[in-house]
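Here's the structure, in structure tokens; my notes come after.
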Amino acid sequence: MAGTLTHFDAAGHAHMVDVSDKPVTARLAVAEGFVRMTSETLALISEGRAKKGDVLSVARLAAIMGAKKTADLIPLCHPLPITKVAVDLRADPDLPGIRIEATVKTGGQTGVEMEALTAVSVAALTVYDMVKAADKAMEIGGIRLLLKEGGKSGRYAAGSAPDTDPAP
């Protein structure tokens, strides 16, 4: 296993990592995921016919709220001063379903990967909630980190070799 598991102390007890001595740097994370559904359900969303309203707008707002509440949901996450959350939700008829991408930024002592992943997860759950009456068999999946920049560990991009020159 590369590195050590930082959320455990020497005795193996869970703890919140002390980041007080880490420098403040620009941090960015991008995550993605999808909600697969029937073509008919995708048409309900795309054509604005969902009974609960504008599915993609509500899911975007839920994603932003989810990113801001990550520390309340994930026990060992630090509360962070998020400076940007951007969420892209787009219909993909080839899936068929909704593709979700979230970008989160901060200037801080720890990264925003969990905030980006939470944003995608909450957006996907919101899409499910808004149209579950039409399609209970929807599938949420593919939630993963695409990009991480900033901090001691440097840059990570899914599918590429790790950066061996960490950011200052």
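Per-residue answers, yes or no, for (1) small (Gly, Ala, Ser); (2) in a helix (DSSP H, G or I); (3) under 25 Å from VAL104 (Cα atoms):
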{"residue": "VAL17", "(1), (2), (3)": "no, no, yes"}
{"residue": "GLU32", "(1), (2), (3)": "no, no, yes"}
{"residue": "LEU42", "(1), (2), (3)": "no, yes, no"}
{"residue": "LYS52", "(1), (2), (3)": "no, no, no"}
{"residue": "VAL58", "(1), (2), (3)": "no, yes, yes"}
{"residue": "VAL85", "(1), (2), (3)": "no, no, yes"}
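One residue is enough: does the range 9-32 have a residue meeting the conditions among the small types (Gly, Ala, Ser), under 17 Å from ASP135 (Cβ atoms), at pLDDT 95 or above and touching a helix residue (DSSP H, G or I) at 6+ places or on another chain (Cβ under 7 Å)? Full working, then the answer.
The first filter runs over the range 9-32 and keeps only residues among the small types (Gly, Ala, Ser), leaving 10-12, 14, 20, 26, 29, 31.
Then drop every residue that is not under 17 Å from ASP135 (Cβ atoms), which leaves none.
No; the residues of the range 9-32 include none that is among the small types (Gly, Ala, Ser), under 17 Å from ASP135 (Cβ atoms), at pLDDT 95 or above and touching a helix residue (DSSP H, G or I) at 6+ places or on another chain (Cβ under 7 Å).
What is the number of the single condition among (1) assigned to a helix (DSSP H, G or I); (2) under 14 Å from MET138 (Cα atoms) that GLY66 does not meet?
In the conditions (1) assigned to a helix (DSSP H, G or I); (2) under 14 Å from MET138 (Cα atoms), GLY66 misses (2) alone.
Would you be able to tell me the number of residues in the range 81-100 that are of a type outside the set (Asp, Glu) and free of Cβ contacts under 8 Å to residues at least 40 places away in the same chain?
Going through the range 81-100, the residues of a type outside the set (Asp, Glu) turn out to be 81-87, 89-91, 93, 95-100.
Next, from what is left, pick out any that are free of Cβ contacts under 8 Å to residues at least 40 places away in the same chain: 81-87, 89-90.
Residues that pass the stated criteria total 9.
Okay, residues lined up against (1) under 23 Å from the mean Cα position of the chain (by Cα); (2) acidic (Asp, Glu); (3) crowded, with 19+ Cβ neighbours inside 10 Å; (4) under 17 Å from MET138 (Cα atoms):
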site	(1), (2), (3), (4)
GLY12	no, no, no, no
ASP21	no, yes, no, no
THR25	yes, no, no, no
ALA29	yes, no, yes, no
MET37	yes, no, yes, yes
GLY53	no, no, no, no
VAL58	yes, no, no, no
ALA62	yes, no, yes, no
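Within the range 114-154, restricting attention to residues that are among the basic types (Lys, Arg) and at pLDDT 95 or above, which residue is nearest to the chain's Cα centre (by Cα)? Spell out how you get there, then give the answer.
The first filter runs over the range 114-154 and keeps only residues among the basic types (Lys, Arg), leaving 132, 136, 144, 148, 152.
Now restrict to residues that are at pLDDT 95 or above: 132, 136, 144, 148.
On the way: LYS132: 22, LYS136: 23, ARG144: 8, LYS148: 11 Å.
The residue in question is ARG144.
May I ask you to list the residues in the range 60-76 that are among the aliphatic types (A, V, I, L, M), within 16 Å of MET130 (Cα to Cα) and in contact (Cβ under 8 Å) with a residue 12 or more places away in the chain? Spell out how you get there, then give the answer.
Of the range 60-76, the ones among the aliphatic types (A, V, I, L, M) are 61-65, 67, 71, 73-74, 76.
Then drop every residue that is not within 16 Å of MET130 (Cα to Cα), which leaves 61-63.
ALA62, ALA63 - these are the residues of the range 60-76 that are among the aliphatic types (A, V, I, L, M), within 16 Å of MET130 (Cα to Cα) and in contact (Cβ under 8 Å) with a residue 12 or more places away in the chain.
The values are calculated or read from the model by the stated rules, or taken from the named source; none is laboratory data. Computed from a prediction, not measured in an experiment: that's the story for all the values here. Backbone-built Cβ (ideal geometry, glycine too); neighbour counts: all protein chains shown.
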